[in-house]
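Read-outs: derived from the displayed coordinates by stated rules, not from any lab. Computed from a predicted model, the values in this text were never measured in an experiment. Quick reminder, even Gly has a Cβ in these numbers, built from the backbone with ideal geometry, and neighbours come from all protein chains shown.
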Amino acid sequence: MGRMFLWLDDPGGNVEHIAEHGLAPDEVESAFDDTVIETTSRSTGRPAIFGRTCNGDTIFVVYDVETDTGGNEFVYVHTAYITED
């Protein structure tokens, strides 16, 4: 079973936030399967990656790994945007 993600469609949620940067959840998820660099966000200290999307764009993703009440881990994406190659 692959990595689980939490996407919130409510106004102000992470789906809306990444859409402001021209990205959809499936593109962001695909970058975790093609990670180029694992790093840390300079502004928040959260884990981050540079990865390639299913469309071939290189994106920067800032996220946290959370655990639900059942003990399952999931990725919560705070932001993601396309980088200049």
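Across region 5-82, Cα pairs under 8 Å and at least six residues apart give a relative contact order of 29 percent.
For region 1-58, applying the loop criterion from DSSP together with a ceiling of 13 other beta carbons within 10 Å to the GluC sites (Glu not before Pro) yields 20. Pairs of alpha carbons in region 6-85 separated by more than 18 Å make up 39% of all such pairs. Within region 5-82, antiparallel bridges make up roughly 90 percent of the DSSP beta bridges whose residues both belong there. Comparing Cα centroids, region 1-16 and region 43-69 end up 12 angstrom apart.
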